[in-house]
Amino acid sequence: DVKVTQSSRYLVKRTGEKVFLECVQDMDHENMFWYRQDPGLGLRLIYFSYDVKMKEKGDIPEGYSVSREKKERFSLILESASTNQTSMYLCATLGGLAANEQFFGPGTRLTVL
Amino acid sequence: AQSVTQPDIHITVSEGASLELRCNYSYGATPYLFWYVQSPGQGLQLLLKYFSGDTLVQGIKGFEAEFKRSQSSFNLRKPSVHWSDAVEYFCAVGALNNAGNMLTFGGGTRLMVKP
């Protein structure tokens, strides 16, 4: 089974703090994704990476950056957290037959006070 | 760019009744279509997917979905709902680019099941 883990299930930070969300996968998948999930809006893509040190912006990259130093790890960084970044953050990898299925981690619920 | 609409934010059905969750998409080519389910506080789990071939696809947990190109729809159905089906459902359309299958999600439909 594909396993995608996220470093924290719940996180509370203060406005202006630098926040790191970590995602680790154990299936040697090349493609990894970060989404944020908000009620009524579904999942929106923040950033994705298709190889080590390679990254591309998704639909809502403002206020975020990412790091992919190793294939199994994809980090989302909030340089200066703001209250409008309070959300559920989901990491995913791409794999399966024909590499057409995304596998999701359990999510990190981030609250910025 | 592709988009997905799930018209129903909430749906309530009685246990044992049939279920249909609506999904409409917009995409210029033949779409890849997915239904995911999310339990509270959990990530998303794939229920089923359509890539090509038979337009009626079977998924896990007794779910099925039918791709109707003329209606740009991919509705999810289940003949008899169980209380454990009371979670949130997301429809997604996929498009291939250099990162593989990029997904665009609908806003989700939360299912409530009455005893």
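General observations
- Where strands (runs of 3 or more DSSP E) fall entirely within the stretch A:25-113, those with at least 2 residues that are crowded, with 19+ Cβ neighbours inside 10 Å are at A:31-38, A:42-51, A:65-70, A:73-78, A:87-95, A:101-104, A:108-112.
- Here the stretch A:7-24 is the region considered, the condition is being within 14 Å of chain B (Cβ to nearest Cβ) and of a type in the set (A, V, I, L, M), and the residue that is least open to solvent (accessible area, probe 1.4 Å) is A:LEU21.
- Every residue from the stretch B:17-47 that is at positive phi and at pLDDT 90 or above: none
- Residue within the stretch B:52-71 that is at pLDDT 90 or above, under 11 Å from the mean Cα position of the chain (by Cα) and outside any strand (DSSP E or B) present: yes
- Checklist (1) closer than 16 Å to B:TYR89 by Cβ; (2) not in a strand (DSSP E or B) applied to B:ALA29, failing item: (1)
- Positions within the stretch B:17-39 being of a type in the set (Gly, Ala, Ser) and either surrounded by 13 or more Cβ atoms within 10 Å (Cβ to Cβ) or under 13 Å from B:ALA86 (Cβ atoms) (or both), in sequence order: B:ALA17, B:SER26, B:SER39
- When A:SER8 is tested against (1) free of Cβ contacts under 8 Å to residues at least 40 places away in the same chain; (2) in a loop (DSSP other than H, G, I, E, B), exactly one condition is not met: (1).
- Close Cβ contacts (under 8 Å, 6 or more residues apart or on different chains) running from residues in the stretch B:103-115 that are open to solvent by less than 10 Å² (accessible area, probe 1.4 Å) to residues that are in a strand (DSSP E or B) and among the aliphatic types (A, V, I, L, M) comprise B:GLY106/B:VAL4; B:GLY106/B:ALA92; B:THR109/B:ILE11; B:THR109/B:LEU21; B:LEU111/B:ILE11; B:LEU111/B:VAL13; B:LEU111/B:LEU19; B:LEU111/B:LEU21.
- Members of the stretch A:31-64 found to be farther than 19 Å from A:PHE103 by Cβ and acidic (Asp, Glu), listed by number: A:ASP38, A:GLU56, A:ASP59, A:GLU62
- In the stretch B:61-96, the residues that are open to solvent by 20 Å² or more (accessible area, probe 1.4 Å), closer than 16 Å to B:GLY16 by Cβ and touching a residue at least 12 places away in the same chain (Cβ under 8 Å): B:LYS61, B:GLY62, B:ARG77, B:LYS78, B:PRO79, B:SER80, B:HIS82, B:TRP83, B:ALA86
- A:LEU78, sole failed condition from (1) under 18 Å from A:VAL24 (Cβ atoms); (2) away from every other protein chain (no Cβ under 14 Å); (3) within 13 Å of the chain's Cα centre (by Cα): (1)
The values are calculated or read from the model by the stated rules, or taken from the named source; none is laboratory data. Please read all numbers here as calculations on a predicted model, not as lab measurements. Here the Cβ is made from the backbone with ideal geometry for all residues, glycine too, and neighbour counts use every protein chain on show. Only protein heavy atoms, including side chains, enter the accessible area calculation; ligands, DNA and RNA are left aside. Shrake-Rupley method; radii C 1.70, N 1.55, O 1.52, S 1.80 Å.
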